[in-house]
């Protein structure tokens, strides 16, 4: 009986540590990248909440192969104009028979370069010009606009970004509310 109780207590303790770890690595991710997202937001006009939500979703909180092996936090594929480093990864490209084949993704020397390239990718590609007519704190409009512009093939992409933004209060990093947020800290 005591042995069973000890095992149950041990399992509960491990579960609690695991939950704490999961929460803490998410907080650490946000703490690490929020200043960079705000900086990019100011420089390029992209809501910080959108940048954070995309990085969280596309890189699975920085744990994906693309993030770990290629410093690619936004799932950006090579495209024809890309002349930088590359990383081949199976995603959603298929050959003539329908078999999944490796896709060419952009790779970066440092994770910061991924964030900078993402900002330039959105700012200077014609597909995203309509987004820059939206307010910088309109994360819902931006999420819907990214989906409409074809940023991702996922039909629920906008809803997933909005859910991440609202679940983790990422909207607080958007320019119009950023100063208010930090004045309360």
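No lab work stands behind these numbers, since they all come straight from the coordinates. As the structure is a prediction and not an experimental result, all values here were calculated from the model. Positions of Cβ are backbone-derived with ideal geometry, glycine not excepted, and every protein chain shown enters the neighbour counts.
Table for the structure above
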{"item": "Förster radius 30 Å - calculated FRET efficiency between residue 65 and residue 167 (Cβ-Cβ, nearest 0.05)", "result": "0.80"}
{"item": "The stretch 26-175, relative contact order [Cα under 8 Å, separation at least 6], %", "result": "27 percent"}
{"item": "Alpha-carbon radius of gyration plus Dmax, which is the widest Cα pair, for the stretch 65-138 in Å", "result": "14.2, 44"}
{"item": "Computed over the stretch 108-149, Kirkwood Rh from alpha-carbon pairs, angstrom", "result": "11.1 Å"}
{"item": "The stretch 153-173 residues near the modelled residue 100 label - backbone nitrogen below 17 Å, point 7 Å along Cα→Cβ", "result": "153-155"}
{"item": "Inter-probe distance in nm under a simple model that places probes 7 Å from Cα toward Cβ, at residue 42 and residue 149", "result": "2.2 nm"}
{"item": "Intensity falloff of the stretch 40-185 expressed as log10 I(q)/I(0), Debye formula with alpha-carbon point scatterers, at q = 0.10, 0.14, 0.18, 0.19 Å⁻¹", "result": "-0.35, -0.68, -1.10, -1.21"}
{"item": "Distance from the stretch 103-181 to the stretch 66-85 (C-alpha centre basis), Å", "result": "16 Å"}
